[in-house]
1. List pairs: first residue in segment 38-50 and outside any loop (DSSP other than H, G, I, E, B), second residue open to solvent by less than 80 Å² (accessible area, probe 1.4 Å) anywhere in the structure, Cβ distance under 7 angstrom, at least six positions apart or on different chains.
2. Counting only residues that are farther than 17 Å from G19 by Cβ and either of a type in the set (S, T, N, Q) or in contact with a helix residue (DSSP H, G or I) (Cβ under 6 Å, 6 or more places away or on another chain) (or both), how many does segment 80-101 have?
3. Can A112 be described as touching a Ser or Thr at 6+ places or on another chain (Cβ under 8 Å), open to solvent by less than 60 Å² (accessible area, probe 1.4 Å), modelled with pLDDT of 95 or more and part of a helix (DSSP H, G or I)?
4. Among I69, I87, which is the only one that is closer than 21 Å to R27 by Cα, β-branched (V, I, T), in a helix (DSSP H, G or I) and open to solvent by less than 40 Å² (accessible area, probe 1.4 Å)?
5. Can you tell me which of (1) open to solvent by 50 Å² or more (accessible area, probe 1.4 Å); (2) without any contact (Cβ under 8 Å) to a residue 40 or more places away in the chain; (3) part of a helix (DSSP H, G or I) is the one H92 doesn't meet?
Amino acid sequence: MSLRSNLGRVKGLGSAKEGVGHWRLQRLTAMALVPLSLWFVLSLLCVFNDAHAEVVAWVAAPHVTVLLIALSAMLFWHLQLGLQVVIEDYVHTPWKQIAMQFLLRVGAGLGALIAIVSVLKISLALG
């Protein structure tokens, strides 16, 4: 016995079987962002009044570089996952949805790439 309606069975409508995975991934990135964001804010407060050279030296520390890269990656991944759901829910024209999803992925990827390359550039310039 199926709980789907006759119309749903005929049209083949139903679960895409991807919702739970997407939901879990969004929650995992959110959980990763909590400690990373707290570390980042507290660290910025500690170096707030330091000179430019001291802040650059702080960014160049290996553990700080790794944490900044992780923060950037998680931030843009979480952003992409969240906005993907908004586009799926509120954009109903198929070609607009495809175009917006493409632009979202390109934009999030470029943002993450720029952030990571910037951190690596600072880190490797002093290393």
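The values are calculated or read from the model by the stated rules, or taken from the named source; none is laboratory data. Please read all numbers here as calculations on a predicted model, not as lab measurements. Positions of Cβ are generated from backbone atoms using ideal geometry, with glycine treated the same way; all protein chains shown enter the neighbour counts. In case anyone asks, the SASA skips ligands and DNA or RNA and just uses the protein heavy atoms, side chains included. Shrake-Rupley method; radii C 1.70, N 1.55, O 1.52, S 1.80 Å.
1. Close Cβ pairs (under 7 Å, with a partner that is open to solvent by less than 80 Å² (accessible area, probe 1.4 Å)) amount to W39/L67; F40/L71; V47/V55; V47/W58.
2. 3
3. Judged against the criteria, A112 is a match.
4. I87
5. (3)
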